[in-house]
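Peer 1: Below: one structure in structure tokens.
The values are calculated or read from the model by the stated rules, or taken from the named source; none is laboratory data. Nothing here was measured: the structure is a model prediction, and the numbers come from that model. Neighbour counts are summed over all protein chains in view; Cβ atoms, including those assigned to glycine, are modelled from backbone coordinates with ideal geometry. Just the protein is used for accessible areas: all its heavy atoms, side chains included, with ligands, DNA and RNA removed. Shrake-Rupley method; radii C 1.70, N 1.55, O 1.52, S 1.80 Å.
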Amino acid sequence: MSASGQPTQHMEVDEGVVCKQGTGNSSSVQLHPLVVMTIADHATRCKINNRDYNYAMGVLLGKQTGRDIEITSSCDLSSHIVNDVWTLDREYLVNRMEQLSQLAQSNCGSQAGDVVGWYAFGDLPSARHMAMHEQLLEVPLLIMVIHTQSEELTLRSFEGTVDVSHSQSRKAFAEIPHVMKTSESERIGIDHAAGSCVTGYSAVSDCLGSHQGAVAMLNGRVKVICDYLVEVIEGRKDANPAVISAISSLVSSLPLPAEHSKQFDARTNQELLDVLLITTMSTLTKGIFLHQEIDTKASVFSTSKGIKCKPSLDFIASSLDS
């Protein structure tokens, strides 16, 4: 998958709605890898369900500070054709935003993010993309997702602007670069989800296994100390002053629970949520991958037997019911 954000020069631009050069004070766009993974998942679902890429779209969520835009998440949207006009399903958009806000509040107590742009599939923006861009209102960014024959995705970023290079000013898109931004925890989660769903192996599992072994060893050592103190208190073993002094020094070096309990609980809960989210994302991604394999095999089987194949989801549902 390619997500390079540098403007490409080999493709012919659409003189209708695309400027040849961006403005001098164009926006700075930072894209997180989770967004790329979500868009790739949307493309996979479109392929599995035989949907038209030309009318698939989604919204980009994040934050904007001045001319700096950071895209942290995304979700697909619903649209339909009304009188030959590509129209956004606003009710679906409102419901999706409410669901994302509730999910963000329940998981980490924060907002889902503002709508900073949208994405669509295709090589270059056209007049219908400009019409959809105007329906979204106050959204500065458009990312075009180019789906090649080699199953790779290339992203190109465009900013809505006003082109004054002609005799009359007009609304247009100017291509701008974007860069990938990621944190260490996000990179590990993406690597784990992508690796485990394709090969069944993830380096994160080995790392977590070694940590689990270290925690088990520490727990065993602490249990030995606790058992020794219990035996001394009950009088079943004589107290060794040297051992008692070493245990006292060890306990004194530990942070006081009263001072750090709230911070520790908050940090532990956040790490637990991160682990659960990574596991859920890995499971969903693996399920989509397996579903695609089943759908492909079912299509080959039905074609060879001359059977009219049911839609993939209905086919699986009927199999489960039977």
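Peer 1: Please determine, by comparing only the residues of region 84-105 that are in a strand (DSSP E or B) and open to solvent by 30 Å² or more (accessible area, probe 1.4 Å), which one is farthest from Glu138 (Cα to Cα).
Peer 2: It comes out as Val85.
Peer 1: Looking at region 54-63, is at least one residue under 22 Å from Asp123 (Cα atoms), open to solvent by less than 10 Å² (accessible area, probe 1.4 Å), of a type in the set (Val, Ile, Thr) and not in a strand (DSSP E or B)?
Peer 2: no
Peer 1: So how many residues does region 276-305 have that are more than 23 Å from Cys46 (Cβ to Cβ) and either open to solvent by 80 Å² or more (accessible area, probe 1.4 Å) or more than 26 Å from the chain's Cα centre (by Cα) (or both)?
Peer 2: The total comes to 4.
Peer 1: Only one of these is at pLDDT below 80, farther than 27 Å from Arg45 by Cα and open to solvent by 70 Å² or more (accessible area, probe 1.4 Å): Leu272, Leu256. Name it.
Peer 2: Leu256
Peer 1: What are the residue pairs meeting all of these: first residue in region 213-239, first residue more than 20 Å from Leu254 (Cβ to Cβ), second residue assigned to a helix (DSSP H, G or I), Cβ atoms under 6 Å, and 6 or more apart or on different chains?
Peer 2: Lys237/Glu231; Ala239/Val232
Peer 1: Still on this structure: Of a type in the set (Val, Ile, Thr), surrounded by fewer than 18 Cβ atoms within 10 Å (Cβ to Cβ) and outside any loop (DSSP other than H, G, I, E, B): does that describe Ile81?
Peer 2: So Ile81 fits the description; yes.
Peer 1: How many residues does region 148-163 contain that are open to solvent by 90 Å² or more (accessible area, probe 1.4 Å) and either at pLDDT 75 or above or under 21 Å from the mean Cα position of the chain (by Cα) (or both)?
Peer 2: At the first step, the residues of region 148-163 found to be open to solvent by 90 Å² or more (accessible area, probe 1.4 Å) are 149, 151.
If we keep only those that are either at pLDDT 75 or above or under 21 Å from the mean Cα position of the chain (by Cα) (or both) as well, we get 151.
Of the residues in that region, 1 qualify.
Peer 1: Okay, next question. Starting from region 46-63, keep only residues that are more than 16 Å from Ile288 (Cβ to Cβ) and modelled with pLDDT under 85, then list their pairs with residues that are open to solvent by less than 60 Å² (accessible area, probe 1.4 Å) and of a type outside the set (Gly, Ala, Ser) whose Cβ atoms are within a distance under 6 Å, requiring at least 6 positions of separation or different chains.
Peer 2: Close Cβ pairs (under 6 Å, with a partner that is open to solvent by less than 60 Å² (accessible area, probe 1.4 Å) and of a type outside the set (Gly, Ala, Ser)) amount to Tyr53/Cys46; Tyr53/Phe121.
Peer 1: On to the next question. Name the single residue, out of those in region 64-78 being closer than 19 Å to Asn95 by Cα and within 15 Å of the chain's Cα centre (by Cα), that is surrounded by the most Cβ atoms within 10 Å (Cβ to Cβ).
Peer 2: Here is the first cut: in region 64-78, the ones closer than 19 Å to Asn95 by Cα are 73-78.
Filter once more, keeping what is within 15 Å of the chain's Cα centre (by Cα): 73-76.
On the way: Ser73: 16, Ser74: 26, Cys75: 16, Asp76: 17.
Here the answer is Ser74.
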